[in-house]
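The values are calculated or read from the model by the stated rules, or taken from the named source; none is laboratory data. If you're wondering where the values come from, they're calculated on a predicted model, not measured in any experiment. Here Cβ is always computed from backbone atoms with ideal geometry, including for glycine, and neighbour counts include all displayed protein chains.
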Amino acid sequence: MREPEVQEFRVAFDGVSLRRGERAIFDGLSCGFPRGQVSVVLGGSGAGKSTLIRMIGGLQRPDSGSVRVADQDITGFSERELFKVRDRIGMLFQGGALLDSMTVFENVALPLCEHTHLAEWDIQSEVNRRLAAVGLAETGHLYPRELSGGMSRRAALARAIVMDPEILLVDEPFSGLDPINVRRIEALLIDLNRHLGLTLIVTSHHMASSLRMADRLVFMVDGIAIAGPPADLLNSADERIVEFLNAESDRFAERHELDVTPLMDRRTSPDRRVKS
Amino acid sequence: MKLAPIENLGFRSLVVLEHLGRIAQFGLRIVACLLVRPYRIRRYLSDVYDAGVLSLPVVCLSGAVVGGTLSLLGYTTLVRFGAEEALGALVGLAVIRELGPVLTALLVTGRAGSAIAAEIATMVTTEQLDGLRMMSIDPVDFVVSPKALALLSVMPLLAALFIVFALMGGYGIAVGLLGVDGGSFMSSMEGSVKFWNDVIGCFSKALTFGALTGLIATYRGYISEPTSAGVSAATTGTVVTASVAILVFDFFLNGFWGV
């Protein structure tokens, strides 16, 4: 796959730096996310994957550098200007971020009620259509606390796409889910991309599903990003990428000579516990 | 090294000043959100229910008990001067001018203000406010301002109810238990409580305290850290800051305007 031209990027970071205290989270990060493709952002915990997503949504501002979203430099935008940009973005938060004082139906209907003049009947059918699409047709009357982890993430996905965004940001869609739910959400996301042409930006550390989905991989290492088509990156000789990929495989313990024998001496074995 | 505490003092004052500035800005944002469409009437009513209706039992019970206590306390003093028929004036003035609005405000801060701070702080922790932002909905407009307005508007109503129960409690103890003449109790109260001075003063005090609690509770929740420690800090901070602010404002309202 050829490397896309700069103007085809729907989202682009240019020399972005962000410090939190002493630690540099981004250190001159530059990368782009092409239109209509699935980009998967990989990286260890604390590598700044979520921060990257939040920055695209304008929830986090960079210390320096610029972030372009849908051909606009949003770096200096006010909250009101950001609202205009966010109308074109859907975001699926890791915890779902459904409003827990409202039912699933009300949650999904909220953007429609706030930003459109649709009649109540139209809103109802639209919401039901979205809920059916994510396989939650009968759950509109439930409150988010009554849903399982996989269900609430699907409900949040229904809410994120109800306004037909061009760009969908997805933060860790697979963490904490069983394999069946992982497959289900993965299939939903791929459908959205293939059929509606959504630009998808997904953070994940779930290697298998990332490789199945990705048109493009972005590795976050040491405050910068290394981006490219999956085939190139997987065969890359770059040490940091090799390290990450190997950490995913079971060769990790061998390579790092991790020794688990000290753990075998269990001080809290049942016969040593205080009897109650 | 000896200068450290003094340097610290400067730093801390700056932090306090910064918060005062931010809270004023936050208050203006709330007012701006309340003035422009859309008006969040359904959310406002549900917040009034949470802050107001659910506070009724606490306020009524406390009112009756405080009124009764005042009667007992006032009677032991007044009877020494043979002036027990002035008990009505004492209970009426104390409750309407001072205890009604102040104690109601403290009770509502503890019951409803802390709940509002905790709710907003939890919404910060679970990214619900960020979720709203990403849907191009201003959380101050959608979540914060109905709650602040709800606290502002329930305060005078709850204070009025507190006062009614306190007067009934005071009357009950004075007439039923201590044997004060019911007619002289009522007439001394009627003779000493002035509508424009005392009752309107009480109303404006309650409104001031409602605004303070509403502002502090929502602000404290809104700026909380997204952790469980942040939620608890927001709750405690609200109760402490709002209670102290209510007492300080009460002092100045008494001192400057004789309210």
| Looking at segment A:31-47, is at least one residue among the basic types (Lys, Arg) and in contact with a helix residue (DSSP H, G or I) (Cβ under 6 Å, 6 or more places away or on another chain)? | yes
| request: Go through (1) more than 22 Å from B:Thr125 (Cβ to Cβ); (2) away from chain B (no Cβ under 12 Å); (3) not small (Gly, Ala, Ser) and name the single condition A:Arg61 misses. | output: (1)
| Odd one out for A:Ser148, checked against (1) within 24 Å of the chain's Cα centre (by Cα); (2) of a type in the set (Gly, Ala, Ser); (3) surrounded by 18 or more Cβ atoms within 10 Å (Cβ to Cβ) | (3)
| request: Please verify whether segment A:242-253 includes one or more residues that are modelled with pLDDT under 80 and crowded, with 19+ Cβ neighbours inside 10 Å. | output: yes
| Residues of segment A:103-127 being surrounded by fewer than 16 Cβ atoms within 10 Å (Cβ to Cβ), in a loop (DSSP other than H, G, I, E, B) and within 14 Å of chain B (Cβ to nearest Cβ), which ones? | A:Thr116, A:His117
| query | Only one of A:Ala133, A:Ala160, A:Ala156 is away from every other protein chain (no Cβ under 14 Å) and of a type outside the set (S, T, N, Q); which? | reply | A:Ala133
| task | Determine if segment B:58-67 includes at least one residue that is over 30 Å from B:Ser192 (Cβ atoms) and part of a helix (DSSP H, G or I). | result | no
| Residue under evaluation A:Lys84, criteria (1) out of contact with any Pro (no Cβ under 9 Å at 6 or more places or on another chain); (2) of a type outside the set (A, V, I, L, M); (3) more than 11 Å from chain B (Cβ to nearest Cβ), criterion not met | (3)
| message | Can you pull out every residue in segment B:176-205 that is surrounded by 19 or more Cβ atoms within 10 Å (Cβ to Cβ) and over 16 Å from B:Leu99 (Cα atoms)? | response | B:Val180, B:Phe185, B:Ser188
| Some residue of segment A:13-24 being in contact with a strand residue (DSSP E or B) (Cβ under 8 Å, 6 or more places away or on another chain), within 14 Å of chain B (Cβ to nearest Cβ) and under 23 Å from A:Leu189 (Cβ atoms) | no
| said: Please verify whether A:Glu79 is facing another protein chain (nearest Cβ under 8 Å), farther than 20 Å from A:Asp171 by Cβ and of a type in the set (Asp, Glu), treating the condition exactly as stated. | reply: yes
| Candidate set: segment A:87-102, residues that are more than 8 Å from chain B (Cβ to nearest Cβ) and of a type in the set (A, V, I, L, M, F, W, C); chosen: the one surrounded by the fewest Cβ atoms within 10 Å (Cβ to Cβ) | A:Met102
| said: For the list (1) within 14 Å of chain B (Cβ to nearest Cβ); (2) in contact with a Lys or Arg (Cβ under 7 Å, 6 or more places away or on another chain); (3) not in a helix (DSSP H, G or I), I need the number of the one condition that A:Val170 fails. | reply: (2)
